[in-house]
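Here the structure comes first, spelled out in structure tokens, and everything after it is commentary.
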Amino acid sequence: MSDESAAKSAARTATGRVGEVDASGATHTRIRPFNTKLTYPEQSLDNDLCQAVVAGNTVYLRGQIGQDLDTRESVGIGDVEAQAEKAMANIAMLLEESGSELGDIVKVVIYLTDIRFREPVYRVMGKWLKGVFPVSTGLVVTALARPEWLVEIDATAVIPESRG
């Protein structure tokens, strides 16, 4: 194990966080780090990623799909509303783990595999983000990382100074 890897491992806490300091002295925290070997065992991948990064007072989330983050099992297969619900629940959970919350979201990007999914997905998202007013971009894509995934929702939030 390299010195850098050992330092990262030492920085990891029981909550799945890795803290680092960049060249400018600014810190960032990685939430729920994982390796793609476990998430995509059928693919030949070996990438170290995480579900969220807190950099300063900004929280960047990995695109969330209908997947249980603890078991990596897909949920709501064939049901875009169930997948959107799980994606939004994951977003809420990750923001809480990051020191933020749904009301702090400033931007969402929604990826749909079929334009007909727009209305049901936006209804689900609208329930979770009522009164938040983030900027939003919606895209229709050919496919997501796994064929059973129908929607992916990416969010960026801030941590207000009063909580930071």
Do we find that A89 is small (G, A, S) and more than 26 Å from H28 (Cα to Cα) in this structure?
no
For E81, state whether it is among the charged types (D, E, K, R), surrounded by 13 or more Cβ atoms within 10 Å (Cβ to Cβ) and in contact with a Gly (Cβ under 8 Å, 6 or more places away or on another chain).
no
Failed condition for I105, given (1) of a type in the set (V, I, T); (2) modelled with pLDDT of 95 or more; (3) farther than 26 Å from V151 by Cβ
(3)
Under 7 Å between Cβ atoms, at least 6 apart or on separate chains: pull out the pairs that start in the stretch 43-62 with a residue that is among the charged types (D, E, K, R) and end on any residue that is crowded, with 19+ Cβ neighbours inside 10 Å.
R62/Q51; R62/A52
Number of the condition not met by A143 [criteria: (1) under 30 Å from P41 (Cα atoms); (2) touching a strand residue (DSSP E or B) at 6+ places or on another chain (Cβ under 9 Å); (3) among the small types (G, A, S)]
(2)
Any idea which residue in the stretch 45-57 is modelled with the lowest pLDDT, counting only those that are in a loop (DSSP other than H, G, I, E, B) and farther than 14 Å from A145 by Cβ?
D46
What number of residues in the stretch 128-164 are part of a loop (DSSP other than H, G, I, E, B) and touching a residue at least 24 places away in the same chain (Cβ under 8 Å)?
18
Based on this model, can you work out whether V132 counts as more than 16 Å from I31 (Cβ to Cβ) and either in contact with a helix residue (DSSP H, G or I) (Cβ under 7 Å, 6 or more places away or on another chain) or buried (at least 17 other Cβ atoms within 10 Å of the Cβ) (or both)?
yes
Any residue at all in the stretch 58-80 that's modelled with pLDDT of 95 or more and assigned to a helix (DSSP H, G or I)?
yes
Tell me which of these M125 doesn't satisfy, since it passes every other one: (1) closer than 25 Å to N57 by Cα; (2) in a helix (DSSP H, G or I); (3) more than 17 Å from the chain's Cα centre (by Cα).
(3)
Any chance the stretch 83-100 includes a residue that's part of a helix (DSSP H, G or I), of a type in the set (V, I, T) and at pLDDT 95 or above?
yes
Unique residue being surrounded by fewer than 20 Cβ atoms within 10 Å (Cβ to Cβ) and without any contact (Cβ under 8 Å) to a residue 12 or more places away in the chain when the list is T113, T71
T71
Which ones in the stretch 84-104 are surrounded by 20 or more Cβ atoms within 10 Å (Cβ to Cβ), within 11 Å of the chain's Cα centre (by Cα) and not polar (S, T, N, Q)?
A87, M88, I91, L94, L95
Can you tell me which residue in the stretch 1-44 is modelled with the lowest pLDDT, limited to those that are closer than 23 Å to G99 by Cα and part of a helix (DSSP H, G or I)?
A10
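The values are calculated or read from the model by the stated rules, or taken from the named source; none is laboratory data. As the structure is a prediction and not an experimental result, all values here were calculated from the model. Glycine gets a Cβ as well: all are built from the backbone with ideal geometry, and neighbour counts include every protein chain shown.
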